[in-house]
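None of the figures in this text is laboratory data; all of them are computed from the coordinates on show. The structure displayed is predicted, hence computed values, not measured ones. Positions of Cβ are generated from backbone atoms using ideal geometry, with glycine treated the same way; all protein chains shown enter the neighbour counts.
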């Protein structure tokens with residue numbers, strides 16, 4: 001299964017473009033901005049058997065989708081660029097344990113070579 005890694009504040013439409021580039025379903029991974037937990041979502045796009053729902057607002061982030069999806073088993077959603085609805089299943093947050101001496105590196109503060 002392909003994995004798409006995204007920053008939690010990335011626009012949902014941008015992340016769904018990456019999902020569509022792979023053979024869905026896709027596992028989308030991001031992090032909780034408050035505690036660094038890993039958030040995983042099982043996403044299947046373009047499900048023609050699903051009822052077509054109203055598109056989510058343009059400014060919806062992938063983090064927003066995770067928070068919404070985590071309230072139920074599955075969430076049917078749609079972005080404006082897609083004619084068919086999609087479905088997402090949020091997997092329970094995964095706590096990341098850091099071993100002594102290792103710290104996390106935020107992408108925004110890491111140096112590029």
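Tabulated data
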{"quantity": "Cα coordinate range in the stretch 41-96, projected on the principal axes (Å, largest first)", "calculated": "37, 25, 15"}
{"quantity": "Dimensionless Rg over Rh [the chain; C-alpha; Kirkwood]", "calculated": "1.01"}
{"quantity": "Computed lengthening from residue 10 to residue 56, 0.36 nm per intervening residue step minus Cα-Cα distance", "calculated": "15.1 nm"}
{"quantity": "Highest-fluctuation residue, 61, 85, 72 considered, GNM on the chain with Cα pairs under 10 Å", "calculated": "72"}
{"quantity": "Relative contact order, percent, the chain [alpha-carbon distance under 8 Å, six or more residues apart]", "calculated": "27"}
{"quantity": "Cα-based helix-to-principal-axis angle, 12-21 vs the chain, degrees rounded to 10", "calculated": "80"}
{"quantity": "222 nm mean residue ellipticity, helices alone, for the chain (DSSP H n ≥ 4; -39,500 (n - 2.57); rounded to 500)", "calculated": "-4500 deg cm²/dmol"}
{"quantity": "Burial ordering of 4, 52, fewest other beta-carbon atoms within 10 Å first", "calculated": "52, 4"}
